[in-house]
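> Here it is, the structure, as structure tokens.
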Amino acid sequence: MWHPRCFRRCYLDREPIEPGRALAEGEQHHQVTHWETLPEREMGESVKRGYSLFMNTQQMRTSGKVNNGMNCTNCHLGGGSVADAAPMWAAFVSYPAYRSKNKRVNTFQDRLQGCFLYSMNAEGGKPPEVTSQEILDLNAYSYWLSFGVAVDNNLPGRGFGHISEPELAPDYERGQQAYQENCAVCHSEDGQGRKVADRYVFPPLWGPDSFNWGAGMHKVNTAAAFIKHNMPLGQGGSLSDQQAWDIALFMDSHERPQDPRYDGILVKLKKVIMATTAIW
């Protein structure tokens, strides 16, 4: 029988993400600046290119740096501006930071590379170079979003928000039912997303065009927090914590592209994954 106290023992590979602190009384989440404040000339052009890449990351698919059907804004909603949807304004001011995922201090540009490696499933495990135009432009766009934000790795709205540990063990069958009732209308009954003219308008949640094993969203606790606060789209908070956990388990139980760190020894990869913590 499931008991909450066994949660950490049963889910050692799903360490909790640390969301930003709660809003203080009278405080509000960071409000991104307006397009009218865009810098002039080269910097402004870089910000605009970064925004274009963020909203339509599929334009990089021909280069192999994106090797699935995902766009940055699928997880970082509203072009990276929405609180509790991994906003880029909170991420930008949280780096440099040590990440247990690669066991070193990372810059924000390193973190962007990681997104391409895992969430975008870069072909051959080769994300854009740190000095590439794409990374520079995404960095410029994130910097612009963070105008006015103090350097702080505990900003309200950071990450995907808090979700309580489940009262019941996350369950595949309950998750399947909740998925069909709440998610299938956008992501399709088989989880393969929705396309218009061969372009994804709603992302695939599993299968060959989804994020790979190494992505943060493939951690059940990460997916559960995202679902709780942001899904169904435009109705964040409408699902119970238990429903979010069940849907996350159901989603992450399906086949998807392999983690690029996999070298043929599954036990070795499992140890690597279990050693990692938060994605932000």
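None of the figures in this text is laboratory data; all of them are computed from the coordinates on show. Keep in mind that what you see is a predicted model, and the values were worked out from it rather than measured. Because the Cβ atoms are built from the backbone with ideal geometry, glycine has one as well, and the counts that use them run over all protein chains shown.
> Cα axis of helix 41-55 to longest principal axis of the chain: angle in degrees, 0 to 90, nearest 10?
The helix 41-55 is inclined about 20 degrees to the chain.
> Full-extension gain between SER100 and LYS126, please, as 0.36 nm times their residue separation minus the C-alpha to C-alpha distance.
Extra length from SER100 to LYS126 when fully extended: 7.4 nm.
> When N counts the residues of the stretch 189-246, how does its alpha-carbon radius of gyration compare numerically with 2.2 N^0.38 Å, as a ratio?
Output field value: 1.20.
> With θ set to phi - 60° and the Karplus curve 6.51 cos²θ - 1.76 cosθ + 1.60, what are the ³J(HN,Hα) couplings of the stretch 218-234 in order, to the nearest whole Hz, using x for Gly and Pro?
8, 8, 4, 5, 5, 4, 5, 5, 4, 4, 4, 8, 10, 10, x, 3, x
> Convex hull volume of the Cα atoms in the chain, per residue, in Å³?
Cα convex hull per residue, to the nearest whole number: 143 Å³.
> Just to be sure I follow the definition: excluding the sites themselves, where is the longest run in the chain that has none of the GluC sites (Glu not before Pro) in a DSSP loop with at most 11 other Cβ atoms within 10 Å?
Result for the longest clean stretch: 41-188.
> Could you give each residue of the stretch 127-144 its phi-based ³J(HN,Hα) in whole Hz, using Karplus coefficients 6.51, -1.76, 1.60 with θ = phi - 60°, and x for Gly or Pro?
x, x, 5, 4, 8, 5, 4, 5, 5, 4, 6, 5, 5, 5, 5, 5, 4, 5
> Could you calculate the contour length gain from GLU45 to GLN59, that is, 0.36 nm times the residue separation minus the distance between their Cα atoms, to one decimal place in nm?
3.3 nm
> Can you classify the stretch 24-66 as rounded, prolate or oblate using the Cα gyration tensor, where a ≥ b ≥ c are the square roots of its eigenvalues, rounded means a/c under 1.5, and otherwise it's prolate if a/b beats b/c and oblate if not?
oblate
> Now a separate question. How would the stretch 141-186 be classified by its alpha-carbon gyration tensor: rounded, prolate or oblate, with rounded meaning a/c under 1.5 and the a/b versus b/c comparison settling the rest?
oblate
> Shifting gears a bit: Between VAL185 and LEU23, what FRET efficiency comes out of the Förster formula 1/(1 + (r/R0)^6) with R0 = 30 Å and r the beta carbon distance, rounded to 0.05?
0.45
> Still on this structure, I have one more. Counting each DSSP H run of 4 or more residues in the chain as -39500 (n - 2.57), what helix-only mean residue ellipticity at 222 nm follows after dividing by all residues, to the nearest 500 deg cm²/dmol?
Computed ellipticity for the chain at 222 nm equals -9500 deg cm²/dmol.
> List the residues whose amide H sits under 5 Å from the amide H of ARG194, counting only those 5 or more places along or on another chain, with H placed 1.01 Å from N in the peptide plane.
VAL201, PHE202
> Under the rule a/c < 1.5 gives rounded, and otherwise a/b versus b/c splits prolate from oblate, where does the stretch 55-99 land using the Cα gyration tensor?
Oblate shape, in that a/c is at least 1.5 and b/c is the bigger or equal ratio.
> With charges only on Cβ, +1 for K and R and -1 for D and E, what is the dipole size of the stretch 40-274 about its Cα centre, in debye, rounded to 20?
680 debye
> If amide hydrogens are placed 1.01 Å from N in the peptide plane, which non-local residues have theirs closer than 5 Å to the one on ASN106?
ALA97, TYR98, ARG99
> Now a separate question. Pull out the extension gain between VAL201 and GLU255, defined as 0.36 nm times the separation in residues minus the alpha carbon to alpha carbon distance; nm, one decimal.
Between VAL201 and GLU255, full extension yields an extra 17.3 nm.
> In degrees, nearest 10, range 0 to 90: what is the angle between the Cα axis of helix 241-252 and the longest Cα principal axis of the chain?
The angle comes out near 80 degrees.
> A further question follows. Please report how far the C-alpha centroid of the stretch 53-94 lies from that of the stretch 240-264, rounded to the nearest whole angstrom.
19 Å
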